[in-house]
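Everything on this sheet refers to the single structure shown next.
The values are calculated or read from the model by the stated rules, or taken from the named source; none is laboratory data. In this text the structure is predicted, and so the values were computed from the model without any measurement.
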Amino acid sequence: MAGKDRDRFSTTTRLRLLGEQTAARVYRSQNRRQARRSRLTGRAAFLALIVCSLVVALAYPMRQYISQRDQIAEQERLSREAHARTEELRDEKARLKDDAYIRRLAREHLHYVMPGETGYTVIDPDAAEVRRGDRGATGRPWHTNLWDGVDSADRG
């Protein structure tokens with residue numbers, strides 16, 4: 001026993017016991033950290049799964065909502081344009097009830113003249129050149145050239 005007591009109190013034995021105890025504490029603390037880490041990882045994975053599920057579940061309704069908002073804005077714009085056009089047509093209708101306005105339109109667009117007035121038509125020389133140019137390169141009317149082209153295509 002005396003030898004056993006001596007071993008029990010020897011520095012080497014005490015250091016070895018101390019090292020084993022420290023190693024056991026470190027091992028237990030690592031196990032706890034890993035268990036805590038794995039729990040957090042599981043929680044994080046579950047949270048990520050929930051967030052992804054919500055994103056997937058809400059993606060289509062949000063897309064529909066945004067699309068419908070765009071359609072509503074477009075319809076409101078069309079409605080404003082229709083109201084503006086309606087107002088323009090009401091103004092035009094009111095102007096068409098005025099005889100002086102009708103006379104002015106007839107003079108400008110239809111070249112009408114009042115009884116006792118003399119109407120003149122001036123031919124623009126530049127416009128006459130353009131009309132002569134309507135004949136093709138052959139000097140014939142365009143419709144003759146067209147039919148000749150149809151006939152030649154039919155022969156070919």
Within segment 93-139, the residues that are among the basic types (Lys, Arg) and modelled with pLDDT of 80 or more are LYS93, ARG95, LYS97, ARG103, ARG104, ARG107
So which of ARG90, ARG43, ARG85, ARG69 ends up being among the basic types (Lys, Arg), assigned to a helix (DSSP H, G or I) and modelled with pLDDT under 85?
-> ARG43
